[in-house]
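Visitor: Please see the structure below; I have some questions.
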Amino acid sequence: MAISPRLGAAGLSAAELIGLLWGSGSRGRSAVDLAEDALARYDGLTGLARATDVELDRLAGIGAARAAQLTAAFELGRRLLADWPAGRWSIRAPADVADRLVLQMGRLEREELRVVLLNTKNVVLRIATVYQGNVSASLVRVGELFRDAVRLNAAGLILVHNHPSGDPTPSPDDLHLTAEALAAGRLLDIDLLDHLVIGHDAWISLRDRGVAFDRPERRAG
């Protein structure tokens, strides 16, 4: 398939882009035909991006090689979102964080805890993964959450972790970890601004759920 010099890749449909990635079809069907079948099976590009290579391999005409090519392409897209220049990314609301990280973290098979580090203008300095595995208040060392924030002289941070079950409802452990991190941040003079829990297709902000992240005002003596 040739790309139009005038429109470039942006002028192609999703099926045509996938067909271009695969290069050739199978069993008398073109690569674009196979891509259209895959998109229809998963209700569009978003659903297809969430499919595993094992699931894609089971589709007629796809096979292991095409499945691996497609999952690799989607993974590159996810990493691009993570590596977007920090100076252009300012946080104004929880959705600004969730929109970037749901695609990366929503389908992870194990828990990850990340910290989004911010300067005084709420511009992202770095996103760091601090824990993989069981993100439990009894296992997470709170000092690890603030290690990079201290090194970078960050003014604030946002905690983000996922629930592999797909249900983003905060657990008692999530609330306990948030309380411990809030206390540590106040001692270090680094604001914990929010804690986001990510599921498969949804996310929850503990700030929006009523957890008090703002520092209590001091009363005049």
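Visitor: Rounded to the nearest 500, what is the 222 nm mean residue ellipticity of the chain from helices alone, with -39500 (n - 2.57) per DSSP H run of 4+ residues and division by all residues?
Guide: -12500 deg cm²/dmol
Visitor: Here is a follow-up. Need one value: the accessible area of Leu80 in square angstrom, 1.4 angstrom probe, rounded to the nearest 10.
Guide: Only protein atoms counted, so the area is about 100 Å².
Visitor: Same structure, new question: Pick from Leu34, Leu103, Leu113 the residue whose mean-square fluctuation is largest in a GNM of the chain, springs joining Cα atoms under 10 Å.
Guide: Leu34
Visitor: So, one more: Computing the accessible area with a 1.4 Å probe over protein heavy atoms, can you report the carbon and sulfur percentage for the chain?
Guide: Its accessible area is 51 percent carbon and sulfur atoms.
Visitor: What's the extension gain from Ala64 to Ala10 if we count 0.36 nm per residue and subtract their Cα-Cα distance?
Guide: Gain on stretching Ala64 to Ala10: 16.7 nm.
Visitor: Going by a ≥ b ≥ c, the root eigenvalues of the Cα gyration tensor, does region 142-206 fall in the rounded group (a/c under 1.5), the prolate group (a/b larger than b/c) or the oblate group?
Guide: Note, shape of region 142-206 comes out prolate.
Visitor: Moving to a separate point now. So how long is each side of region 110-221 along the principal axes, counting just the alpha-carbon atoms, biggest first, in Å?
Guide: Principal extents (largest minus smallest coordinate, Cα): 48, 29, 26 Å.
Visitor: Along the Cα-to-Cβ line of Arg147, 7 Å from the Cα, sits a label point; which residues in region 111-130 have backbone N less than 18 Å from it?
Guide: In region 111-130, the label zone of Arg147 (backbone N under 18 Å from the point 7 Å along Cα→Cβ) covers 112-118, 126-130.
Visitor: Computed from the coordinates I sent, Rg and Dmax of the Cα atoms in Å equals one of (1) 19.0, 58; (2) 21.2, 83; (3) 17.0, 54. Tell me the label.
Guide: Calculated Rg and Dmax of the Cα atoms in Å: the matching label is (2).
Visitor: In percent, what relative contact order does the chain have, based on Cα pairs under 8 Å that are 6 or more apart in sequence?
Guide: Relative contact order comes out at 14 percent.
Visitor: Let me ask something additional. With springs only between Cα atoms under 10 Å apart, run a GNM on the chain and tell me which of Gly133, Gly199, Gly11 wobbles the most.
Guide: Gly11
Visitor: What spacing in nm lies between the two simple spin-label points modelled at Arg29 and Asp96, each 7 Å away from Cα in the Cβ direction?
Guide: Each label point lies 7 Å from its Cα, and together they span 4.4 nm.
Visitor: Of Pro172, Pro94, Pro164, which is the most mobile in a GNM of the chain whose springs link Cα atoms less than 10 angstrom apart?
Guide: Result: Pro172 has the largest fluctuation of those listed.
Visitor: Could I ask something else about it? Identify, among Ala68, Ala212, Leu34, the residue whose Cα sits farthest towards the positive end of the charge dipole of the chain, taking +1 on the Cβ of Lys and Arg and -1 on the Cβ of Asp and Glu, with the dipole about the Cα centre.
Guide: Final value for the positive-end residue is Ala212.
Visitor: Suppose accessible area is computed on protein heavy atoms with a 1.4 Å probe; arrange His176, His200, His163 from highest to lowest. Write out the running numbers ahead of the final one.
Guide: Numbers: His176 95, His200 50, His163 25 Å².
Most to least solvent-accessible, the answer reads His176, His200, His163.
Visitor: Can you tell which of Ile18, Ala128, Ser165 lies farthest toward the positive end of the dipole of the chain, using +1 and -1 charges on the Cβ of basic and acidic side chains (Lys, Arg; Asp, Glu)?
Guide: Highest projection toward the positive end goes to Ala128.
The values are calculated or read from the model by the stated rules, or taken from the named source; none is laboratory data. Since the structure is predicted, the reported quantities are computational estimates derived from the model, not experimental observations. Here Cβ is always computed from backbone atoms with ideal geometry, including for glycine, and neighbour counts include all displayed protein chains. Note: accessible area is taken over every heavy atom of the protein model, side chains too, but ligands, DNA and RNA are not part of it. Shrake-Rupley method; radii C 1.70, N 1.55, O 1.52, S 1.80 Å.
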